[in-house]
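A.B. asks: One structure follows; several queries about it will come next.
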Amino acid sequence: MNTISHRRNALDRHHVLACLLALCISCVIGCGVNLGPRQQAPESQTYTLEYPPPQPKDVSPLPGILRVEAFESIPIYRSDNIVYREGAFRRESYRYHKWQTPPSEMITFLLIRDFRAAGAFKAVLSPNSLLAPTLTLEGGIEEFLEEATPKGWIAVVTLNATLTSEYRPGEGRTALFQRTYSEREPCRANTPGALSEAMSRAMSRISAQILNDIYQVAATR
């Protein structure tokens, strides 16, 4: 009887220990998220375009007033995502690297700034101005992305631009030109910061090209 009782006591002790062990494991699993330091998501970095306004040569102020409408873009560039080409038919974006504002907003602001700094027109109006322009520039973004090549990253910028005359009752506005401007600028390093620098150099050249084309048309009118 003593042997049987001893065995039962032993089994009871093993059963209690097993229950306690199971309870401990359950507590550890349930509270595991609080064990050790919490892991925080990486801090997002934001980038923008920066370059001095182009300084065109042999430009005399014209009496015309130019309005720059808000540039549009295809859907993939309507957010603040930094987009990169991931092979044919694939476009991806960085999770923790962003533009400070969507590319269309940056480009609209930079064109207005550059045209004003050039002093080629009597005035350069923003999209929400109530003044009547003699010329209106509108356009859109077709490409604004990073492209990886065996030699390194390349910043790709492609814009379309349309210049129209002033509005006339019964006639509306007349298209004076519609052109596409595209630049590819190598990055000095494979980093988002170097990409923003390359984008800035590419945009500086495009801005100078658009300004020159508008000026040539306006000077002959």
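The values are calculated or read from the model by the stated rules, or taken from the named source; none is laboratory data. What you see is a predicted model, and the numbers here were worked out from it, not measured in a lab. Cβ atoms come from the backbone with ideal geometry, glycine included; neighbour counts cover every protein chain shown.
Each row is one residue, and each column tells you yes or no for (1) touching a residue at least 60 places away in the same chain (Cβ under 8 Å); (2) assigned by TED's automatic domain parsing to the domain that holds Arg116; (3) more than 24 Å from the chain's Cα centre (by Cα).
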site	(1), (2), (3)
Gly64	yes, yes, yes
Ser73	yes, yes, no
Ser79	no, yes, no
Phe89	no, yes, no
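A.B. asks: Could we say that Pro63 is crowded, with 17+ Cβ neighbours inside 10 Å and closer than 27 Å to Thr136 by Cβ here?
C.D. replies: Judged against the criteria, Pro63 is not a match.
A.B. asks: In the stretch 144-174, how many residues are surrounded by fewer than 21 Cβ atoms within 10 Å (Cβ to Cβ), modelled with pLDDT of 95 or more and acidic (Asp, Glu)?
C.D. replies: 1
A.B. asks: I'd like to know if the stretch 161-184 contains one or more residues that are assigned to a helix (DSSP H, G or I), free of Cβ contacts under 8 Å to residues at least 40 places away in the same chain and within 17 Å of Phe121 (Cβ to Cβ).
C.D. replies: No, there is no match, as no residue in the stretch 161-184 is assigned to a helix (DSSP H, G or I), free of Cβ contacts under 8 Å to residues at least 40 places away in the same chain and within 17 Å of Phe121 (Cβ to Cβ).
A.B. asks: If you don't mind, another one. Checking the conditions here, which among Ala161, Ala218 is in contact with a strand residue (DSSP E or B) (Cβ under 6 Å, 6 or more places away or on another chain), small (Gly, Ala, Ser) and within 22 Å of Ile74 (Cβ to Cβ)?
C.D. replies: Within the list Ala161, Ala218, the selection yields Ala161.
A.B. asks: Can you give me the number of residues within the stretch 51-72 that are closer than 22 Å to Pro127 by Cβ and among the charged types (D, E, K, R)?
C.D. replies: The qualifying residues number 3.
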